[in-house]
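Readers should treat all values here as calculations from the given coordinates under stated rules, not as data from a laboratory. Since this is a predicted model, take the numbers as computed values, not measurements. Here the Cβ is made from the backbone with ideal geometry for all residues, glycine too, and neighbour counts use every protein chain on show.
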Amino acid sequence: MEDDPDWDTIAQNEPASRDVPLFLAARDKRYAADARFCEALDEAHVNLKQCCDDLLTIAADIINARREKLDAMETQIKQDFVDNEVARSNMSKKLQEFAAQAQAQFQELMMRLANANAP
């Protein structure tokens with residue numbers, strides 16, 4: 001370390017001759033533990049990011065699958081509306097034609113009846 005004192009000089013006298021090696025060994029263990037903890041945090045961060053990315057991918061896949069189904073359903077519903085309108089229009093025309101035919105037949109019958117009752 002840059003700002004470390006000269007431990008050899010300090011360790012020449014008692015009680016530092018016993019305490020300095022213990023201190024330095026404990027400090028080295030703490031530095032090693034700090035390094036392992038940082039590595040563990042980095043690994044946890046990578047794993048957590050991967051889990052989040054996986055969850056987002058799954059959510060996006062589900063949404064896209066649902067959207068595709070909904071789009072297909074929407075297209076079918078629109079087509080059903082168009083088909084229903086065409087069928088309604090055709091039925092309306094046929095109904096008008098039948099009504100006109102029925103009216104013509106009714107008029108013909110009324111004329112026959114009027115001619116049959118005429119003196």
Could you pull out the residue among Asp34, Asp28, Asp53 that is farther than 30 Å from Thr9 by Cβ and part of a helix (DSSP H, G or I)?
Asp53
Pick from Asp83, Asp54, Asp42: which is surrounded by 10 or more Cβ atoms within 10 Å (Cβ to Cβ) and under 24 Å from the mean Cα position of the chain (by Cα)?
Asp54
